[in-house]
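Have a look at the structure below before the remarks.
No value in this document is a laboratory result; all are computed from the given coordinates. These numbers were taken from a predicted model, which means no experiment stands behind them. Here the Cβ positions follow ideal geometry from the backbone for every residue, glycine too, while neighbour counts run over all protein chains shown.
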Amino acid sequence: MPTKILLRLTVVAVLALAGCSATPPAPGSPTPSAARGSAPTDPQAALPVSIRGDLPWTDLGTRPAPSLSGIGIASSRYLIVNDPDHQGVTVTRRSDGRVMAHHRVERPELEPIFADIAGDTAVLVDEDNESNGDGSKDAARSYIYDLLTGSVTPLSQIPSAPPASVFGRQATVTDDGRYFYSASVERPGNRYNNCVGMVNLSTRRGSTVECAGAGQNETDGYYLGAGEDGATWLHVAGPALESCRTGRGERGTTLIEVGPTDGCATMGTATVGGWSVWSATPGAAMTPMPTLDLLATDGHQTVRLGPVNGVALTTCGSYAYWRTEERQTVQVRRWKPGMSTVEVVYEVKTPDNDPAVHSLAFGGCADNLLSLLVGFIDPSTATLRLLTLAT
C-alpha cells in the first residue's frame with residue numbers, strides 16, 4: 001500500500017467516524033450510467049432541511065464498550081454486536097436470543113471491524129490495529145458464517161476471491177447475497193494494486209470486480225460502501241490522495257461511474273433511485289476536510305444536499321443517509337430522489353461545558369433496516385446503544 005495514500009485515507013476515515021460531545025438523544029471500464037454528470041458550476045442553494053420527529057426507531061439495547069467505535073447491525077432475524085472486550089463478535093437470533101455464532105480474533109492485535117448479514121449468512125471481518133508494534137499493518141481477515149449450520153469459511157478458502165486489503169471496514173453485503181470488499185492483488189510493477197473483490201455468498205465463489213490501472217500509485221476500491229443494488233467506491237489516479245478522484249460502483253451486474261467524471265474532487269459515494277450521491281472537496285484533488293459538500297445527480301440535474309461529515313454516507317432501502325456535525329449538534333440526515341427537502345432523522349446536541357462525548361455511526365443496512373450506533377463516553381462510563389429504522 002503506498003504509504004502516503006494509506007496515511008491520508010486513515011486520517012479521513014477517522015474524521016468520518018469521529019463523534020462529538022452531546023447529550024443523550026430521545027428514545028473492466030465502467031459503462032455509462034444514468035447517474036453520470038458534470039461537476040456542478042451553478043450557485044444553486046442546498047435543499048431546505050426539515051425535522052422528522054415521528055420516525056419509529058427501535059431500541060435494541062445499550063451495552064458496555066471500551067471505546068466509541070464498535071459493531072452493531074440487525075436484520076429482521078439476527079443481531080450482531082461486539083463482545084465487551086472488543087476481541088469477538090456474537091450473532092444472536094432475534095426471535096429467541098439464541099447464539100448462532102461466536103467469533104473471536106486469532107491474535108491480540110486483531111479487532112473485529114465489520115459485520116453484515118444477508119439472509120442466514122453473516123460476514124465478519126477482523127482488522128490489524130497495529131498494536132503489536134511491528135510497524136506493519138497486515139491484510140484484513142474475512143470470515144463467512146452459515147448461521148443455520150454453524151460452518152465458517154475464511155475468505156482465503158473461497159475460489160477465485162482476491163485477497164483482502166488492509167481496510168477490512170471498507171465492505172458491504174447486499175441483501176441478495178453479494179459481499180463486496182477492498183482487495184489487494186500483486187502484479188509486476190504494482191505490488192499493492194488495490195481492487196474491488198466480490199463473493200457470491202450463495203455459491204461461495206469469488207471474483208475481481210475491477211482493479212486500478214498502471215499509473216503511479218493508482219488505487220481503486222477505497223471508501224467502499226453500500227450502493228443501490230450493489231456497492232460504490234473511490235478511484236484515485238495517484239500518486240497521492242491529492243490527485244484526481246472519481247466515484248465508481250456496481251449496480252446489479254453493471255459497472256457504473258458515480259457522480260461527475262470531470263471534477264476530480266469526489267470523496268464519499270452512494271447510489272439511490274438511479275441517482276449518484278457524492279461528497280466533494282471545493283476543488284479538484286484538494287486535501288479532504290472534515291466537512292464536505294454533498295451532491296446528487298441523475299445525469300441531467302444536480303441537487304445540493306448540504307454538508308456531510310467526510311465520507312460518512314450510506315444507502316439503505318430507498319434513501320441515502322449521511323451524518324453532519326455543526327457546532328454542538330450531530331445529525332443523521334436522509335434524502336431520496338423526488339424529495340424537495342432533506343430530512344433530519346436523528347440528532348444529538350451538546351450543552352455547554354458538558355464533559356460527556358457522544359458519537360453517531362452507521363452500523364449497516366440489512367433487510368432495509370438501517371442500524372445506527374449511538375456512543376457515549378465520560379470519565380467513568382462508555383456504552384454503545386443500537387437503534388434500527390425501517391427504511
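Only bridges whose two residues both fall in the chain count here: according to DSSP, what percent of them are antiparallel, nearest 5?
Working: 125 of 131 bridges.
Counting DSSP beta bridges with both partners in the chain, the antiparallel share is about 95 percent.
Projecting the alpha carbon convex hull of the chain along each direction and taking the average yields 18.6 nm². Legend: calculated FRET efficiency, Leu148 to Asp175, from the Cβ-Cβ distance at R0 = 22 Å, rounded to 0.05, equals 0.80. With a ≥ b ≥ c the root eigenvalues of the C-alpha gyration tensor of the range 71-216, is it rounded (a/c under 1.5), prolate (a/b larger than b/c) or oblate? It comes out oblate by the Cα gyration axes. For the chain, the Cβ-based charge dipole about the Cα centre amounts to some 320 debye (Lys, Arg positive; Asp, Glu negative; other atoms uncharged). Between Asp138 and Gln301, the simple label model (points 7 Å from Cα in the Cβ direction) yields a spacing of 5.3 nm. First check a/c for the range 264-391, with a ≥ b ≥ c the square roots of the eigenvalues of its C-alpha gyration tensor; if it is under 1.5, answer rounded, and if not, answer prolate when a/b is larger than b/c or oblate otherwise. Since a/c reaches 1.5 but b/c is at least a/b, the shape of the range 264-391 is classed as oblate. In this structure, Ser340 and Thr291 have a Cβ-Cβ separation that, at R0 = 30 Å, corresponds to a calculated FRET efficiency of about 0.80. If the segment from Asn200 to Gln216 were pulled out straight at 0.36 nm per residue, it would be longer than the present Cα-Cα gap by 2.6 nm.
Computed packing ranks the peptides 127-134, 65-72, 294-301 as 65-72, 294-301, 127-134, most packed first, by mean other Cβ atoms within 10 Å.
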